[in-house]
1. Please work out if Leu94 is part of a helix (DSSP H, G or I), under 14 Å from Val177 (Cα atoms) and modelled with pLDDT under 85.
2. If you take the residues in segment 150-159 that are in a helix (DSSP H, G or I) and over 8 Å from the mean Cα position of the chain (by Cα), which one is surrounded by the most Cβ atoms within 10 Å (Cβ to Cβ)?
3. What is the residue count in segment 172-204 for residues that are buried (at least 16 other Cβ atoms within 10 Å of the Cβ) and closer than 16 Å to Leu85 by Cα?
4. Can you tell me which residue is farthest from Asp151 (Cα to Cα) among those in segment 30-89 that are out of contact with any helix residue (DSSP H, G or I) (no Cβ under 6 Å at 6 or more places or on another chain) and among the basic types (Lys, Arg)?
5. Might you check whether a residue that is outside the structural domain of Glu179 (by TED's automatic domain parsing), part of a loop (DSSP other than H, G, I, E, B), farther than 20 Å from Glu167 by Cβ and of a type in the set (A, V, I, L, M, F, W, C) occurs anywhere in segment 75-85?
6. Restricting the search to segment 17-37, which residues are over 17 Å from Thr74 (Cβ atoms) and either among the polar types (S, T, N, Q) or at pLDDT below 95 (or both)?
7. Filter segment 8-57 down to residues that are within 18 Å of the chain's Cα centre (by Cα) and not hydrophobic (A, V, I, L, M, F, W, C), then give me how many there are.
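The values are calculated or read from the model by the stated rules, or taken from the named source; none is laboratory data. Not measured: the values here are computed from a predicted model. Neighbour counts are summed over all protein chains in view; Cβ atoms, including those assigned to glycine, are modelled from backbone coordinates with ideal geometry.
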Amino acid sequence: MAEAAAQSERDRSTEEDGQLVRRTVAGDRKAFDALVRKYQRQAVGVSFRLLGNSNDAAEVVQDAFLKAYTNLVTLDRPEAFCGWLLRIVSNLSLNKRRGRRKNQPLPGDDGFTGGEAGADDTSAHWRSAEHDPIRLASSGELGPAVREALDRLPEKQRLAIVLFTIEEMPQKQVAEVLECSVEAVKWHVFQGRKKLKDMLKDYL
């Protein structure tokens with residue numbers, strides 16, 4: 001019942017996105033403003049987790065929305081706006097990371113909670129404290145060790161962990177961002193968690 005309700009809510013959200021995208025392309029600037037309000041917080045959350053700096057994240061998200069607006073006409077599936085936007089955010093964030101001389105560890109939290117996307121019930125156990133090293137050691141003195149370990153993961157594994165486990169996005173949406181299959185998302189999360197457990201074995 002809960003999963004059906006969540007799916008229905010996601011369907012309504014994507015349908016609304018499609019309408020807003022079409023209105024924007026038709027010249028309604030207020031429609032794009034509505035998309036910005038809807039996804040700005042989640043976009044900043046994703047960028048922040050990848051960059052570890054709120055100012056950099058805000059700058060990246062501003063650039064991402066501008067890029068999305070100017071390229072909106074190229075979006076084949078208006079209903080897929082969220083995944084498309086977060087793919088732009090992720091790419092810009094990773095490009096900014098590569099431009100740094102030294103990588104900075106991802107902060108665990110500074111009062112920022114990220115997005116509000118729902119999760120698939122079939123994958124809920126992936127986020128439980130029993131199975132997830134991030135949930136096990138997301139607070140207290142282990143926080144910095146977890147953040148440093150997360151920062152050492154390969155990009156796609158780190159992205160999958162950030163989007164699925166931390167931002168709690170549905171697997172299908174994560175797959176759209178990573179431009180891969182849902183099965184590949186599961187693999188990236190599994191491998192990322194396995195490496196995190198190995199790197200954190202002295203703590204856990």
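1. Numbers: part of a helix (DSSP H, G or I): yes; under 14 Å from Val177 (Cα atoms): yes; modelled with pLDDT under 85: yes.
Judged against the criteria, Leu94 is a match.
2. Filtering segment 150-159 down to residues in a helix (DSSP H, G or I) leaves 150-151, 155-159.
Going one step further and asking which of them are over 8 Å from the mean Cα position of the chain (by Cα), we end up with 150-151, 155-158.
Values: Leu150: 25, Asp151: 15, Glu155: 14, Lys156: 18, Gln157: 21, Arg158: 22.
Filtering segment 150-159 for residues that are in a helix (DSSP H, G or I) and over 8 Å from the mean Cα position of the chain (by Cα), the one surrounded by the most Cβ atoms within 10 Å (Cβ to Cβ) comes out as Leu150.
3. 6
4. Lys30
5. Narrowing segment 75-85 to residues outside the structural domain of Glu179 (by TED's automatic domain parsing): 75-85.
Subset that is part of a loop (DSSP other than H, G, I, E, B): 75-77.
From what's left, farther than 20 Å from Glu167 by Cβ: 75-77.
Filter again for of a type in the set (A, V, I, L, M, F, W, C), leaving 75.
Scanning segment 75-85, I find at least one residue that is outside the structural domain of Glu179 (by TED's automatic domain parsing), part of a loop (DSSP other than H, G, I, E, B), farther than 20 Å from Glu167 by Cβ and of a type in the set (A, V, I, L, M, F, W, C), so the answer is yes.
6. Matches in segment 17-37: Gln19, Arg29.
7. In the first step, residues of segment 8-57 are kept if they are within 18 Å of the chain's Cα centre (by Cα); the result is 10, 13-14, 17, 35-57.
With not hydrophobic (A, V, I, L, M, F, W, C) added as a condition, the list becomes 10, 13-14, 17, 37-42, 45, 47, 49, 52-56.
Within segment 8-57, residues that are within 18 Å of the chain's Cα centre (by Cα) and not hydrophobic (A, V, I, L, M, F, W, C) number 18.
Let's see how each residue does on (1) over 19 Å from Leu86 (Cβ atoms); (2) crowded, with 16+ Cβ neighbours inside 10 Å:
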residue	(1), (2)
Glu9	no, no
Thr24	no, yes
Lys30	yes, no
Ala34	no, yes
Gln42	no, yes
Phe48	no, yes
